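Asks: Have a look at this one before I ask anything.
The values are calculated or read from the model by the stated rules, or taken from the named source; none is laboratory data. None of these values were measured; they are calculated from a predicted model. FYI the Cβ positions are ideal-geometry reconstructions off the backbone, even for glycines, and counts take in every protein chain you see. For accessibility, only protein heavy atoms count, side chains too; no ligands or nucleic acids. Shrake-Rupley method; radii C 1.70, N 1.55, O 1.52, S 1.80 Å.
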Amino acid sequence: MQEGFSFFAERAFMRYPATETAEKHDRIVQEASRLFRERGFEDVTVAEVMKTAGLTHGAFYSHFESKEALMAAAVEYAMQGVLRGVKKSFPTLEGRRAYLDRYLTARHRDTPGTGCPMAALSGEIRNEPEVKGRFTANLKEIISAIGGERREAMATLATLVGAISLARAVDDETFSREILREVQKKLDGEMAG
């Protein structure tokens, strides 16, 4: 009987290889990021995130201390995606225009889960102290990566985020598309001038 217990105890306390643990962690963060952007922090449970990531709810606490820690990691993940896109696109005028063409679209408006975390979550982040710090640090990096004068970079980013937020909020498709189109024209004009 002792021998059987020993086998069970060894199996129960075996650790997963570091790469497998890292892959699981990344999967949790990616799924949480998507779900939070789609539905907000409050409407997504830890159990749902874990199920979507293909893991059990019990495994959550071996990766995160709390839901708030997961929220911070998910926002960081999404903001780093924005940062990579900005760094890749904004060094050239052609790249900036291509970025605007992707950002200010009905497709982006209609897929918040894979879209801009600033447009999807800014209103909720203001109430989440554990998330605010990471959001703020990443936002500053994004503004810096946009380049040019800091105030112009902030205005451009705020205009983009505001346009998507408003286009998502209205219940009139024609008006929603008009918001996206007119903001794109304005920003295109500013880039040309």
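Asks: For the Cα atoms of the chain, what angle does the longest principal axis make with the long axis of helix 18-39, in degrees from 0 to 90, nearest 10?
Replies: It is inclined by approximately 50 degrees.
Asks: Any idea how far the Cα center of segment 148-193 sits from the one of segment 70-126, in Å?
Replies: 13
Asks: Quick one: compute the contact order of the chain, relative version, from alpha carbon pairs under 8 angstrom and 6+ residues apart, as a percent.
Replies: Once divided by the residue count of the chain, the mean separation gives 22 percent.
Asks: Now for a separate question. Taking the simple approach of a point 7 Å from Cα along Cα-to-Cβ for both residue 46 and residue 154, what is their distance in nm?
Replies: Going by the 7 Å Cα→Cβ label model, 3.7 nm.
Asks: Right, here's the next one. If segment 106-158 were replaced by its equivalent ellipsoid, with semi-axes equal to the square roots of 5 times the Cα gyration tensor eigenvalues, what would those be, largest first, whole Å?
Replies: That gives 20, 17, 8 Å for the three semi-axes.
Asks: When the Kirkwood hydrodynamic radius is evaluated over all pairs of different C-alpha atoms of segment 133-193, what value in angstrom, to one decimal, is obtained?
Replies: 12.7
Asks: Would you list, by chain and number, the lysines whose Cα falls below 23 Å from the Cα of residue 140, excluding same-chain residues fewer than 8 positions away?
Replies: The qualifying lysines are 87, 88, 132.
Asks: Right, something else. Report residue 43's accessible area, 1.4 Å probe, all protein chains in place, as a number in Å² to the nearest 10.
Replies: Approximately 100 Å² of residue 43 is accessible to the 1.4 Å probe.
Asks: Can you give me the angle between helix 150-169 and the longest principal axis of the chain, using Cα atoms only, in degrees from 0 to 90, rounded to the nearest 10?
Replies: Roughly 80 degrees between the two axes.
Asks: Right, something else. Can you pull the Kirkwood radius for the chain, inverse mean 1/r over Cα pairs, to one decimal in Å?
Replies: Every distinct Cα pair counted, the radius reaches 18.6 Å.
Asks: Taking the Cα atoms only, what angle lies between the long axis of helix 67-89 and the longest principal axis of the chain, rounded to 10 degrees?
Replies: That works out to roughly 40 degrees.
Asks: While we're here: Once every Cα of segment 79-192 carries one equal point scatterer and solvent is ignored, give the base-10 log of I(q)/I(0) from the Debye formula at q = 0.10 Å⁻¹, two decimals.
Replies: Result of the Debye calculation: -0.28.
Asks: With +1 assigned to the C-beta of every Lys and Arg and -1 to the C-beta of every Asp and Glu, and no other charges, what is the dipole magnitude of segment 45-193 about the Cα centre in debye, to the nearest 20?
Replies: 380
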